[in-house]
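Below you'll find the structure, written out as structure tokens, and then a few comments.
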Amino acid sequence: MNPYNPVAVAHRFIRSLIREGDLCIDATVGNGHDTIFLADLVGEKGKVLGFDVQSSAIESTRAALVKNQLSDRVKLFEQGHETLGAELSEGGKGCLKLVVFNLGYLPGSDKSVVTQSGSTQQALEQGLANLQADGAISVIVYRGHAGGNEEYAAVEAWIDQLSVDSYFCLRYERWTHQRGLTPVFFWIQRRDNDIA
């Protein structure tokens, strides 16, 4: 993978944050690549919750987890990511280390089934409300499909309203001739108010 690809950059940020025993959410499991990556990082004492509305995504992720012997670290939910807050009742507020969003459509599937800005914003709010003191949200938005720019604008507007005293926010985009179509990586990390 190109080291400057937004997914590769996101993975470097994630790898620097996650420790064994952490609780993470993959809000859009897709083909399971991020789910497996997170399950490996959290170790035997950690847990990953994975969400997707498509049964094919859940099944392919489940098969990949079995193949990689990581099933015991992951709980999958065939439901929208806007429901993630309800599944955190046992952990309580401040239980999450990371929430990962890879927005758009499932590669190799029906491109008309895409994440929606309304449910994504709900999921972002719920994830943020349950982050640990140094927890983070990783978002990759794909803009090159129908509805992609609308979702991108909604995510960016949501980040814009966050307090710079409480959150470190980063936006990463490759500069290319396809401006406005390339994927964008956002990193939102909770921080202590005394950190400048």
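The values are calculated or read from the model by the stated rules, or taken from the named source; none is laboratory data. Note that the structure is a prediction, hence the values are computed from the model and not measured. Note that we place each Cβ from the backbone using ideal geometry, even for glycine, and neighbour counts take in every protein chain shown. Ligands, DNA and RNA are excluded from the accessible area calculation, which covers all protein heavy atoms including side chains. Shrake-Rupley method; radii C 1.70, N 1.55, O 1.52, S 1.80 Å.
Could you list, in sequence order, all residues of region 28-41 that are at pLDDT 95 or above, of a type outside the set (D, E, K, R) and buried (at least 24 other Cβ atoms within 10 Å of the Cβ)?
Hits for region 28-41 are T35, L38, A39.
Could you please find all residues in region 1-27 being touching a helix residue (DSSP H, G or I) at 6+ places or on another chain (Cβ under 6 Å) and touching a residue at least 24 places away in the same chain (Cβ under 8 Å)?
Across region 1-27, the qualifying residues are I18, D22, C24, I25, D26, A27.
Here are some residues: E87, E44, E59. Which one is open to solvent by 60 Å² or more (accessible area, probe 1.4 Å), of a type outside the set (S, T, N, Q), more than 18 Å from Q126 (Cα to Cα) and in contact (Cβ under 8 Å) with a residue 12 or more places away in the chain?
Testing whether each residue is open to solvent by 60 Å² or more (accessible area, probe 1.4 Å), of a type outside the set (S, T, N, Q), more than 18 Å from Q126 (Cα to Cα) and in contact (Cβ under 8 Å) with a residue 12 or more places away in the chain leaves just E44.
Just to be sure, is R12 open to solvent by 60 Å² or more (accessible area, probe 1.4 Å), at pLDDT 95 or above and either under 15 Å from the mean Cα position of the chain (by Cα) or closer than 18 Å to I140 by Cβ (or both)?
So R12 fits the description; yes.
Do you know which of the residues in region 131-152 that are modelled with pLDDT of 90 or more and over 22 Å from H33 (Cα atoms) is farthest from the chain's Cα centre (by Cα)?
Top of the filtered list is A133.
In region 144-174, which residue that is open to solvent by 40 Å² or more (accessible area, probe 1.4 Å), in a loop (DSSP other than H, G, I, E, B) and not small (G, A, S) is nearest to A8 (Cα to Cα)?
If we take residues in region 144-174 being open to solvent by 40 Å² or more (accessible area, probe 1.4 Å), in a loop (DSSP other than H, G, I, E, B) and not small (G, A, S), then R174 is nearest to A8 (Cα to Cα).
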